[in-house]
Amino acid sequence: MQYTSIKKEEWDKVLENLLSSHTIFASVINEFGQDYELIRPVDIPIISYNKPKPATSLKSFFLPVKENVTSERSAEKPRIIIGTPNCDIEGLSLLDEIYLDEVFPDIHYREHRENTLLISADCVGIQEHCHCTTYSIKPYSTKNADLAVINFDGNMIFRIISGKGEEFLKEIPEAIPVDNEEIVSSIEKEHHSTEALLASANMGLPDYKTTGKLVREGKMNIWEKYSTHCVSCGACTTACPTCTCFLLIDKPGFEKVRQMDTCQYPGFERVAGGEDSLYDLHIRFKNRYMCKYVWKPEKFKSLACTGCGRCIEGCIGKINKNEIFMELSR
């Protein structure tokens, strides 16, 4: 793929100049952890480029927790999002399939997508619950984003993924093509090193297709066992890059507000007559895995789990879905 380089200090100046015309969000590490922050000039030096991963998934930028879908909107500045791991970028594949459907596209989702330049970040190293490669997802982006970046020896090396990304770099005089094969080779070695760490950390974890079979055929006692720790808080679905269930709330004046919902909430499938097919906790608990590994693959081409591990990290009950799948596989 085509690479372009710019010195880190020059890139920082570019970002500072862009703040006058763009809204910029980036992955930042501070005393609260790692997450996306609205960037100010003072934040530019502390942007985290290649350490996985922000606590918030990328979907929140395109499907906000709460959004009025009927009110008129004023024009927004173009938006740049920096430091997104590929597990989140891959999650956009499914969101695009759902919300950019040719027959019924979501105009607000489309506006958010078109207004955003996505700069993915190659993951250097892993976190405890990262398992993207188990589902054949690389820890670096080659599609869906506009650019991918790695901070390499004081230089920002950009991999061009889309025409939009290429046009963006053309406006930066300091950015020059990389024709040094040694640099490209070193970046590829970083990729292989991270992939090797992931393979070692997740040895024995079943792949996506096998997991679907295990979930479908799993005995109910497994779901009863693990669901006893579930408090139905919905943290797993809120943090997930691909869970997108929502309520449409009616407001006075024919306003409608889309608000994030989750199949883990009691009453999620309760109907007017009082029937609720997900009333029992263990059935509700299993439902999420059926959706991600069985039903979504039947309807869509994209994966409904990208191996980010946020559902494990955010679970109040300390439920590790990978432990469930390993037990099912035994």
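No lab work stands behind these numbers, since they all come straight from the coordinates. Nothing here was measured: the structure is a model prediction, and the numbers come from that model. Methodologically, a virtual Cβ is constructed for each residue, glycine included, from the backbone with ideal geometry; neighbour enumeration extends over all protein chains shown.
What's the total number of residues in the stretch 33-57 that are within 25 Å of Thr242 (Cβ to Cβ) and either among the hydrophobic types (A, V, I, L, M, F, W, C) or part of a loop (DSSP other than H, G, I, E, B) (or both)? Qualifying residue count for the region: 11. Within the stretch 269-287, being closer than 28 Å to Ile137 by Cβ and touching a helix residue (DSSP H, G or I) at 6+ places or on another chain (Cβ under 7 Å) holds for Phe285, Lys286. Checked against the criteria, Asp122 does not count as within 20 Å of Cys245 (Cβ to Cβ), in contact (Cβ under 8 Å) with a residue 40 or more places away in the chain and crowded, with 23+ Cβ neighbours inside 10 Å.
In the stretch 17-28, which residues are loosely packed, with under 15 Cβ neighbours inside 10 Å and touching a helix residue (DSSP H, G or I) at 6+ places or on another chain (Cβ under 7 Å)? Across the stretch 17-28, there are no qualifying residues. When Gly234 is tested against the conditions (1) surrounded by fewer than 12 Cβ atoms within 10 Å (Cβ to Cβ); (2) on the phi > 0 side of the Ramachandran plot; (3) of a type outside the set (Lys, Arg), the lone failure is (1). Condition first: touching a residue at least 60 places away in the same chain (Cβ under 8 Å) and within 19 Å of Thr238 (Cα to Cα). Now tell me which residues in the stretch 249-281 satisfy that. Selection gives Val257, Arg258, Gln259, Met260.
Take the conditions among the charged types (D, E, K, R) and closer than 21 Å to Ala55 by Cα and apply them to Lys225. Does it pass? It would help to see each step written out before you state the result.
Details: among the charged types (D, E, K, R): yes; closer than 21 Å to Ala55 by Cα: no.
Criteria not met by Lys225.
Answer yes or no: is there a residue in the stretch 145-153 that is among the acidic types (Asp, Glu) and out of contact with any helix residue (DSSP H, G or I) (no Cβ under 9 Å at 6 or more places or on another chain).
Looking through the stretch 145-153, none of the residues is among the acidic types (Asp, Glu) and out of contact with any helix residue (DSSP H, G or I) (no Cβ under 9 Å at 6 or more places or on another chain).
Among the candidates Ile6, Ile47, the residue that is over 30 Å from Glu255 (Cβ atoms) and without any contact (Cβ under 8 Å) to a residue 60 or more places away in the chain is uniquely Ile47. The lone criterion from (1) in contact with a helix residue (DSSP H, G or I) (Cβ under 6 Å, 6 or more places away or on another chain); (2) of a type in the set (Phe, Trp, Tyr); (3) surrounded by fewer than 19 Cβ atoms within 10 Å (Cβ to Cβ) left unmet by Trp223 is number (3). Output the residues belonging to the stretch 58-104 that are of a type in the set (S, T, N, Q) and assigned to a loop (DSSP other than H, G, I, E, B). If the condition is that a residue be of a type in the set (S, T, N, Q) and assigned to a loop (DSSP other than H, G, I, E, B), then Thr70, Ser71, Ser74 are the ones that fit.
Scanning the stretch 1-23 for residues that are out of contact with any strand residue (DSSP E or B) (no Cβ under 9 Å at 6 or more places or on another chain) and hydroxyl-bearing (Ser, Thr, Tyr) yields Ser20, Ser21.
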